[in-house]
């Protein structure tokens, strides 16, 4: 499994998925600085443009060290960045990774993250040779629970007090969801054989 992507830019009907750049700092501040967006994410909201710039620089360092595994979600019509989607906890020996995503609250309920996630999930299975994609979702994050279910993820259990909610200053239980390559419906040469390690 290779965490370095074949292409840094992908497109859907409405979106462009690409690397984050320093020009995204204001959009990052709007997303990662919104208390409601960050409520279930497990980190404190950023509070300044400087913090947002540091975050983009962190994304860049991670890309150089580990390959591109995070994409800005930009609207095709105006290139405005409205979200971020990524793989984390990539475990090459086990062909698995965890998916995460954040979306500007102004764009909730428009199917944008569903569209982005479908593309990134297909990319993970087809080009990163993932066998399993996990999603850990706070038990009271109804929107994300609905999203991963619509994407075909199955709920496998609950992780008690697995995350810390910095907005509410408490530990939070998380649902563990997962989607397997054989459930996704793609055909891949290595789907029935042991992947190269």
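The values are calculated or read from the model by the stated rules, or taken from the named source; none is laboratory data. Since this is a predicted model, take the numbers as computed values, not measurements. We place every Cβ from the backbone using ideal geometry, glycine too, and count neighbours over all the protein chains shown.
Listing for the model above:
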item: Which numbered condition residue 164 fails, given (1) surrounded by 12 or more Cβ atoms within 10 Å (Cβ to Cβ); (2) modelled with pLDDT of 95 or more; (3) in a strand (DSSP E or B); result: (2)
item: Residue in region 85-96 that is without any contact (Cβ under 8 Å) to a residue 12 or more places away in the chain, assigned to a helix (DSSP H, G or I) and either out of contact with any strand residue (DSSP E or B) (no Cβ under 7 Å at 6 or more places or on another chain) or under 28 Å from residue 152 (Cβ atoms) (or both) present; result: no
item: Selection count, region 35-62, where residues are more than 18 Å from residue 137 (Cα to Cα) and in contact with a strand residue (DSSP E or B) (Cβ under 9 Å, 6 or more places away or on another chain); result: 2
item: Only listed residue being crowded, with 17+ Cβ neighbours inside 10 Å, modelled with pLDDT of 95 or more, in a strand (DSSP E or B) and touching a helix residue (DSSP H, G or I) at 6+ places or on another chain (Cβ under 6 Å), chosen from 99, 133; result: 133
item: Single unsatisfied condition, residue 115 versus (1) out of contact with any helix residue (DSSP H, G or I) (no Cβ under 6 Å at 6 or more places or on another chain); (2) modelled with pLDDT of 95 or more; (3) surrounded by 21 or more Cβ atoms within 10 Å (Cβ to Cβ); result: (3)
item: Residue match in region 137-144 (condition: over 19 Å from residue 31 (Cα atoms) and within 15 Å of the chain's Cα centre (by Cα)); result: no
item: Flag if residue 50 is at pLDDT 95 or above, surrounded by fewer than 18 Cβ atoms within 10 Å (Cβ to Cβ) and under 25 Å from residue 130 (Cβ atoms); result: no
item: Residue in region 56-63 that is at negative phi, under 14 Å from the mean Cα position of the chain (by Cα), at pLDDT below 95 and not in a helix (DSSP H, G or I) present; result: no
item: Residue 78 vs. criteria under 24 Å from residue 9 (Cβ atoms) and without any contact (Cβ under 8 Å) to a residue 12 or more places away in the chain; result: yes
item: Candidate set from region 102-112 (those that are in contact with a strand residue (DSSP E or B) (Cβ under 9 Å, 6 or more places away or on another chain) and in a helix (DSSP H, G or I)); member that is surrounded by the fewest Cβ atoms within 10 Å (Cβ to Cβ); result: 106
